[in-house]
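Take a look at the structure below.
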Amino acid sequence: MDFRVGFHKIRVLPASRARRDLLARRADHVEAWADRVRNRVEPVLARLIALRTRLATVAVALLAIWLFVHVVFGANGMVIYRSKRAEYRALEKEINQLEKENDEFSKQVNQLKSDPKRIEKEAREQFHYARPGEVIYVTPEAPAQAPPTNRSAAK
């Protein structure tokens, strides 16, 4: 087994004076590169700065349009709100009608339980009861019409 540790090329930093000289030589190249980049970028930045008010106006207008559409047509928008409100009113009317019917039926039940005149009336109508000496006339029910036997009779 080989336990030796191999070192790659060790880089020695130059002395401070040598570094300064190196920076001084390269400074001209870096300044020239920075000037080229600045010359390319400046017209684009100037156009963007000139257009920023227009871009901001368009962005705000798009945001306002989106917000309007969302408020009117969204999941909880005005259109849905109005339809739900109309449905709520219709359900309230139906509830009131059903409560009135329920009250009427409750009154009828109470009368059938306690009022002797009402009990007598129902007995006479449904069971054809009569007092002694009374005669009840009942008309026969009309017979149901038979369907035509052939198609020509149906016309």
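For Rg and Dmax of the Cα atoms in Å, the choices are [x] 17.6, 60; [y] 49.8, 144; [z] 15.6, 54; which was calculated from the structure?
Only one listed value fits the structure, namely [y].
Stretched out fully, how many nm does the piece from TYR81 to GLU125 gain, at 0.36 nm a residue minus the Cα gap?
In short, 10.7 nm is gained.
Are there any helices in the chain, counted as whole DSSP H runs, that stretch 18 Å or more along their axis by Cα and score at least 0.0 on average by Kyte-Doolittle, and if so which?
Span-like helices, by this rule, are 16-73.
Can you work out the FRET efficiency for the pair ASP28 and LEU55, with r the C-beta to C-beta distance and R0 = 35 Å, to the nearest 0.05?
Efficiency at R0 = 35 Å is approximately 0.35.
Within the chain, which is the longest segment containing none of the chymotrypsin sites (Phe, Trp or Tyr not before Pro) that sit in a DSSP loop and have at most 16 other Cβ atoms within 10 Å? Could the numbers behind the result be given before it?
Numbers: sites that count: PHE3, PHE7, TYR129, TYR137.
Answer - 8-128.
Using the Cα centre of the range 76-129 as origin and beta-carbon charges of +1 (Lys, Arg) and -1 (Asp, Glu), tell me which of SER106, ALA123, TYR88 is placed farthest towards the positive end of the dipole.
TYR88
Below 22 Å Cα-Cα, how many Lys pairs turn up in the chain? Only count pairs eight or more apart in sequence, or on different chains, if you could.
The result is 6.
Got a sec? Charge dipole of the range 16-73, +1 on Cβ for Lys and Arg, -1 for Asp and Glu; which of LEU51, HIS70, ALA27 is way out at the positive end?
ALA27
Calculate for the chain the 222 nm mean residue ellipticity that helices alone would give, adding -39,500 (n - 2.57) per DSSP H run of length 4 or more and normalising by residue count, nearest 500 deg cm²/dmol. Provide the component values of the computation, followed by the final result.
Values: 4 runs with 111 residues, N = 155.
Result for the chain: -25500 deg cm²/dmol, rounded to the nearest 500.
Under a point-charge model restricted to the Cβ atoms of Lys and Arg (+1) and Asp and Glu (-1), what is the dipole moment magnitude of the chain relative to its Cα centre, in debye to the nearest 20?
1900
Coordinate-derived values only; no laboratory data. As the structure is a computational prediction, the values presented were derived from the model and not from experiment. Every residue, glycine as well, gets a Cβ built from its backbone with ideal geometry; the counts of neighbours run over all protein chains shown.
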